[in-house]
1. When only residues in the range 137-173 that are charged (D, E, K, R) and free of Cβ contacts under 8 Å to residues at least 40 places away in the same chain count, which is nearest to N55 (Cα to Cα)?
2. Can you name the number of the only condition in (1) at pLDDT below 90; (2) surrounded by fewer than 21 Cβ atoms within 10 Å (Cβ to Cβ) that A291 fails?
3. Suppose the filter is assigned to a helix (DSSP H, G or I) and buried (at least 19 other Cβ atoms within 10 Å of the Cβ); does L387 pass it?
4. Checking the condition small (G, A, S) and assigned to a strand (DSSP E or B), which residue from S8, S51 passes?
5. E416 - would you say it is assigned by TED's automatic domain parsing to the domain that holds L249, in contact (Cβ under 8 Å) with a residue 12 or more places away in the chain, among the charged types (D, E, K, R) and within 26 Å of V401 (Cβ to Cβ)?
6. When you look at R435, is it touching a His at 6+ places or on another chain (Cβ under 6 Å) and either hydroxyl-bearing (S, T, Y) or assigned to a helix (DSSP H, G or I) (or both), yes or no?
7. Residues being without any contact (Cβ under 8 Å) to a residue 60 or more places away in the chain and part of a helix (DSSP H, G or I): count how many of those fall in the range 453-478.
8. Return the residues of the range 351-365 that are at negative phi and either touching a residue at least 60 places away in the same chain (Cβ under 8 Å) or in contact with an Asp or Glu (Cβ under 9 Å, 6 or more places away or on another chain) (or both); say none if nothing qualifies.
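The values are calculated or read from the model by the stated rules, or taken from the named source; none is laboratory data. Nothing here was measured: the structure is a model prediction, and the numbers come from that model. Here the Cβ positions follow ideal geometry from the backbone for every residue, glycine too, while neighbour counts run over all protein chains shown.
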Amino acid sequence: MGLSLVHSRALLGLQARPVCVEVHLANGLPGFTLVGLADTEVKEARERVRSAIANAGLEFPGNRRITVNLAPADLPKDSGRFDLPIAMGILAASGQVDAAALAGWEFAGELSLGGELRPVRGALAMALAAAATGARLVLPPGSAEEAALVPDAQVWQALHLRDVVQRFAPAADADPPAHEDGATPAGWSRQVARPLGHTPPGPDLADVRGQAAARRALEIAAAGGHSLLMVGPPGSGKSMLARRLAGLLPPLDTQAALETAAVASLAGRFRPEHWGQRPTCAPHHSASSVALVGGGSPPRPGEISLAHHGVLFLDELPEFGRQALEALREPLETGQIRISRAAHQCEFPARFQLVAAMNPCPCGFLGHPSRPCRCTPEQVARYQGRLSGPLLDRIDLQVEVPALDGEELLQGPPGEGTAAVRERVLLARDRALARQGLPNQQLDGRRLDDHLAADPAALTFLQGVARRLGWSARSLHRCLRVARTVADLRDAHRVTTADVAEAVQYRRVLQTGS
């Protein structure tokens with residue numbers, strides 16, 4: 001009889017929970033049993049592991065009774081990440097691998113029938129968890145480079161099952177020299193973090209002609225981290241403006257880059273060349289609420305989490321399903337989304353910056369200077385009423401983007417470029433961070449009172465506006481945050497009546513019921 005233990009990890013949300021792969025070989029009727037709340041992809045590992053071991057020139061103990069247990073038994077396991085640890089456990093239990101040498105190592109990787117290792121999702125989350133415990137991690141190509149981005153992570157890459165077996169063969173040293181010929185398997189190498197690559201320039205704001213009010217709102221949104229809704233007819237430049245917001249935002253620090261990359265890795269979307277770049281997600285308006293906020297079993301991140309520390313652009317906002325739009329309300333307030341299922345709960349980060357665009361009416365030409373609108377007042381009210389009052393309450397800036405005439409579009413001067421606007425945005429953000437340690441959009445409660453520094457006349461003016469327009473407390477507070485950003489952009493310590501008046505103008509585009 002033979003018993004071996006190999007360590008790996010299962011993903012539950014963004015957490016990489018430890019899993020012990022226990023393999024027992026016993027005499028009796030030949031068989032291969034896999035237990036431990038394994039999903040279909042994990043159960044299929046039996047055939048992949050059998051073929052990979054045989055085609056790697058190793059001996060599969062097919063005449064023994066093989067029992068594989070993935071512990072803990074109540075933790076769901078999915079995907080093919082357990083192929084490699086199961087294979088190593090079988091080889092260790094049969095004496096082809098030194099079982100004692102596997103201590104302190106964790107394995108993950110899908111096996112092809114020929115024994116090649118294929119990448120798996122969630123390598124960054126696994127590396128973060130392994131680095132916290134000091135464990136060494138063995139991963140396939142693609143996943144290993146990704147995991148090596150984690151500081152202090154000890155990551156090795158293996159190309160083939162033979163390379164892993166050769167490294168842990170009974171006669172192998174515990175730590176073979178890395179550069180001596182023949183001491184290290186050809187397909188075995190340690191991965192180190194690469195320096196951050198240069199972020200390629202995005203589309204320039206100078207391409208957008210005219211639209212002074214919308215450009216100003218975009219600058220305020222970037223400086224304070226505020227959400228933005230643009231309303232205007234087709235072709236007025238809403239999408240052009242939205243695609244240029246990410247270029248105005250400051251670069252990600254290492255911790256934020258790791259958080260963003262970990263979510264992308266969990267969804268299988270991480271690309272090393274995108275490291276350190278702020279993501280921009282633009283789902284189609286046919287997206288379901290699960291696709292937008294996350295879900296499934298086991299839960300996967302949605303578009304709002306994939307846009308963490310970046311921009312979520314929702315074009316044709318009223319065309320999204322009501323359920324999907326209402327699901328945005330909680331993450332817009334808290335910066336995270338909790339997905340609850342009968343067996344477990346998962347939390348995903350969702351500190352995204354919402355930029356939305358919509359037409360003013362179904363035909364799109366309400367208020368157009370030259371094209372008449374074909375919609376009745378009831379149709380316009382029904383169309384705009386698809387956006388609930390509580391959702392609009394959570395959008396800080398609501399600006400009109402009117403149609404441009406041909407002369408201004410073709411002969412007008414180019415607008416101010418991204419570089420100049422970005423410089424002002426970075427200075428305003430630095431002022432807010434030096435004062436309160438977080439962007440203005442995240443100020444709430446006592447922190448808003450402590451850092452607002454508003455003139456009494458400005459507060460009196462805002463109280464009158466809120467009373468006349470019937471604003472909620474949330475609308476009033478969001479207006480104050482925007483006013484604080486306006487003051488930061490002009491390098492002012494105090495918020496004046498002019499700052500508040502400008503902020504008020506950005507909350508009066510749509511008037512809908514809830």
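1. Result: D163.
2. (1)
3. Working: assigned to a helix (DSSP H, G or I): no; buried (at least 19 other Cβ atoms within 10 Å of the Cβ): yes.
Criteria not met by L387.
4. On the way: S51 fails: assigned to a strand (DSSP E or B).
None of the other options fit; the residue is S8.
5. Values: assigned by TED's automatic domain parsing to the domain that holds L249: yes; in contact (Cβ under 8 Å) with a residue 12 or more places away in the chain: yes; among the charged types (D, E, K, R): yes; within 26 Å of V401 (Cβ to Cβ): yes.
For E416, the condition - assigned by TED's automatic domain parsing to the domain that holds L249, in contact (Cβ under 8 Å) with a residue 12 or more places away in the chain, among the charged types (D, E, K, R) and within 26 Å of V401 (Cβ to Cβ) - is met.
6. Working: touching a His at 6+ places or on another chain (Cβ under 6 Å): yes; either hydroxyl-bearing (S, T, Y) or assigned to a helix (DSSP H, G or I) (or both): yes.
Yes, satisfied.
7. Initially, the range 453-478 is screened for residues without any contact (Cβ under 8 Å) to a residue 60 or more places away in the chain, giving 453-471, 473, 476-477.
Now restrict to residues that are part of a helix (DSSP H, G or I): 456-469, 473, 476-477.
Counting residues in the range 453-478 that are without any contact (Cβ under 8 Å) to a residue 60 or more places away in the chain and part of a helix (DSSP H, G or I) gives 17.
8. Applying the first criterion (at negative phi) to the range 351-365 yields 351-363, 365.
If the condition is that a residue be at negative phi and either touching a residue at least 60 places away in the same chain (Cβ under 8 Å) or in contact with an Asp or Glu (Cβ under 9 Å, 6 or more places away or on another chain) (or both), then R351, F352, Q353, L354, V355, A356, A357, M358, N359, P360, F365 are the ones that fit.
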